[in-house]
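Trainee: This structure is in structure tokens; I'll ask about it shortly.
The values are calculated or read from the model by the stated rules, or taken from the named source; none is laboratory data. Keep in mind that what you see is a predicted model, and the values were worked out from it rather than measured. Quick reminder, even Gly has a Cβ in these numbers, built from the backbone with ideal geometry, and neighbours come from all protein chains shown.
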Amino acid sequence: MLQLSSAGKRFGQKLLFEDANWLITPDERTGLVGGNGTGKSTLLKILAGVETLDYGALTRVKGMTLGYLPQDGLALRGKTVFAECLSVFDHLHDLETESIALTHTLSEADPKSREYAVAAERYSDIADQLHVHDIYTLDSQVGAVLGGLGFSKEDWTRNTEEFSGGWQMRIALAKLLLQKPSLLLLDEPTNHLDLESRNWLENYLHGYPNAFILISHDRYFLDVTVNKTVELWNKRMHTYHGNYEKYVTQKEERRTQLINAYKNQRDRIEALEAFINRFRAQATKAKQVQSRIKELEKIERIEIPEEEATIHFSIPQPPASGRTVIEVSNLTKHYPMPDGQPKRVLEDLNFTIDRGDRIALVGANGAGKSTLIRILAGLDAPTSGEVKLGHNVLADYFAQDQYKVLDPNAKMLEDISGIAPKVPQTELRSLLGCFMFSGDDVFKPLGVLSGGERNRYAMAKMLVSPANMLLLDEPTNHLDLRAKDVLLDAIANFTGTVLFVSHDRYFIDGLATRVFEVEDRRMHIYPGNYEDYLWRKQGGPDKITTTITSSLSSSPPAPVVEIPAPPAEAPQSPQSAVKRLNPIKLKQLEDRLRFTEEEIPRLESTISTAEEKLGVFTSAEESQRTAAELDQLRANRTALLAEWEELSLTLEEQKLA
């Protein structure tokens, strides 16, 4: 369908890639990856015909169609959202108009005439095309795509110029998906999507009938959408079969092979040079020396590019807060509107955040996630209700536009050193390098950086001196895969408490211990990560959880353990097959089983301690309190045993399935 042959491209004096060969087939489902500055976006533009090659050739099959979505920069105006999307089918409406005209020709022409035969053939061709594109369902196709990408029905009749840049990119993406070109080229398509829209796009691409190539910094999205990975590395194009996870494994194997080949070549070169230097002056060895000189000249030297070092930044641990970090009671938030009717955003929220929680805040765009974070950070006041911070809680807030609070005259390295004077500058520069600031970039004033660059710097700055409660609104925006890994590792090892909004599935799954969903102005709480949340939303166990706490003075506080209610048993016929779980869910169940097996003996020990304490009388109040806690612990043990039995049975069925 499309082929690159010995392709090469320069950016000024810098060689991006050379000798690239790529045969793109009609079933292509490829992720294009590589470090920053390797030329991924440039290559996509070359495939789209926006830029040209400096070397080699690009050939296309006649009749193929291309659709290209850049990272940003598109602006649409002059039509409503629905009309703009429907315009991709203008050619079909033209064909429909032509077919109507042909019916008149056929009704008036002599059936035996040449005119009738030509008109009949053309009418048949048009009818086939209209049938293939299902012209009578165009409105519903547009509605389905707009709904999937997060546009409400009220948005459909708004003019496109009323929307921000991110929503403009969604409209452009919707048009491409409706066109269904032979080859779809998407540069960071998830950048402007929330989780629900991202999940919808993932499912859409699963059923996409044609080829697509995409660039993304969302690892999970790559894992579930592509079956081939093309990497630009070391100025060459390297192809790996499989998704991103398989690519990472195969790349490490390939690098090991390259290093071994480099060592073997160096040994051979050193041996040739030693022979030449030793016998160069001897006439009897002249022929052998010349032979080795020629061999040395013909050797194509293997280069080992400098690998980006894996940075494990040790985030400074903050002072401990009290057990309860934030307690929210009857929180409501309304915004006044010009018509006098308040816009109701949040209604009667009640929840508690405990020390060590890592909470993912999810919900559709406009559901009130950012509003809630700002209220918890003390930047906005609730209309009614109360937000109470616990003992010794120090909250820090990272906004989507955090760059606005930075001093534009401050120089980067001096600014970050000022808040972390004890951290060596080499370590600070390594951290800044992870966030894509290297070389002389670290000496630049912050004011010369773009908004995205300043946001990246603001995130790095937060990591070197964190509070014990982090409220993060889209911390992964503008970060590449490497920077996301650094951020994920840092927060995973953080002993404080974190509540965050992110549209990156991999980031949420690797970090969250609970999911708070804002939906219809209410809060729904789910234990586990995003995978667990989806499982419960799709019919898994109820979101009701049991919180196990213990405040026995003679034993350490018990951790918070969330036990899902046992699933309702659906009647099954003897012949019904057990549904196989996906590997991610299966691994989570296995981990949960191991946890219950470790937690049950701990609970038994805590119960024994409580029973012993109950046997020693100190006061009536203390005895009553201990007895109540003992009853709660025994109930928790019963629930945990029931869960252990359910998990054991489920995993046993999976082995037999």
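Trainee: Could you figure out which of (1) surrounded by 13 or more Cβ atoms within 10 Å (Cβ to Cβ); (2) at pLDDT 80 or above isn't true of ARG594?
Mentor: (1)
Trainee: Still on this structure: Take the residues in the stretch 1-52 that are outside any strand (DSSP E or B) and among the hydrophobic types (A, V, I, L, M, F, W, C), then tell me which one is nearest to the chain's Cα centre (by Cα).
Mentor: Selected residue: LEU44.
Trainee: Would the stretch 76-98 turn up any residue that is of a type in the set (Ser, Thr, Tyr), surrounded by 15 or more Cβ atoms within 10 Å (Cβ to Cβ) and more than 24 Å from ASN210 (Cβ to Cβ)?
Mentor: Scanning the stretch 76-98 turns up at least one residue that is of a type in the set (Ser, Thr, Tyr), surrounded by 15 or more Cβ atoms within 10 Å (Cβ to Cβ) and more than 24 Å from ASN210 (Cβ to Cβ).
Trainee: In the stretch 448-490, what residues are among the hydroxyl-bearing types (Ser, Thr, Tyr) and crowded, with 19+ Cβ neighbours inside 10 Å?
Mentor: TYR457, THR476
Trainee: Given TYR68, TYR55, which one is among the aromatic types (Phe, Trp, Tyr) and farther than 30 Å from SER164 by Cβ?
Mentor: On inspection, the qualifying residue turns out to be TYR55.
Trainee: Mind listing just one residue for me: the one in the stretch 188-205 that is at negative phi and acidic (Asp, Glu) and, of those, modelled with the highest pLDDT?
Mentor: Residue satisfying both the conditions and the ranking: GLU202.
Trainee: Would you check if there is a residue in the stretch 37-56 being out of contact with any His (no Cβ under 6 Å at 6 or more places or on another chain), within 30 Å of TYR136 (Cβ to Cβ), exposed (fewer than 13 other Cβ atoms within 10 Å of the Cβ) and outside the structural domain of THR160 (by TED's automatic domain parsing)?
Mentor: No, every residue in the stretch 37-56 fails to be out of contact with any His (no Cβ under 6 Å at 6 or more places or on another chain), within 30 Å of TYR136 (Cβ to Cβ), exposed (fewer than 13 other Cβ atoms within 10 Å of the Cβ) and outside the structural domain of THR160 (by TED's automatic domain parsing).
Trainee: If you don't mind, there's one more thing I want to ask. From the list ASN350, ASN365, exactly one residue is in contact with a Gly (Cβ under 9 Å, 6 or more places away or on another chain) and at pLDDT 90 or above. Which is it?
Mentor: ASN350
Trainee: Additional query: Scanning for something surrounded by fewer than 17 Cβ atoms within 10 Å (Cβ to Cβ) and under 27 Å from GLU517 (Cα atoms), does the stretch 404-415 turn up at least one residue?
Mentor: no
Trainee: Take the stretch 351-368 and flag every residue that is over 19 Å from VAL387 (Cβ atoms) and either crowded, with 20+ Cβ neighbours inside 10 Å or in contact with a Ser or Thr (Cβ under 7 Å, 6 or more places away or on another chain) (or both).
Mentor: Passing the criteria: GLY356, ARG358, ALA360, VAL362.
Trainee: What number of residues in the stretch 205-223 are of a type in the set (Phe, Trp, Tyr) and under 13 Å from ASP187 (Cβ atoms)?
Mentor: Residues in the stretch 205-223 being of a type in the set (Phe, Trp, Tyr) and under 13 Å from ASP187 (Cβ atoms): 1 in total.
Trainee: Continuing with the same structure: Considering ASP348, ASP339, ASP380, which residue is farther than 30 Å from GLY510 by Cβ and either part of a strand (DSSP E or B) or within 29 Å of the chain's Cα centre (by Cα) (or both)?
Mentor: ASP348
Trainee: Can you say whether SER576 is out of contact with any Leu (no Cβ under 7 Å at 6 or more places or on another chain), modelled with pLDDT of 80 or more and either of a type in the set (Gly, Ala, Ser) or surrounded by 10 or more Cβ atoms within 10 Å (Cβ to Cβ) (or both), as far as the supplied structure shows?
Mentor: So SER576 does not fit the description; no.
Trainee: Report every pair of residues separated by at least 6 positions or lying on different chains whose Cβ atoms are under 7 Å apart, first residue within the stretch 392-419 and closer than 24 Å to PRO319 by Cβ, second hydroxyl-bearing (Ser, Thr, Tyr).
Mentor: ASN392/SER321; VAL393/SER321; ILE419/SER465
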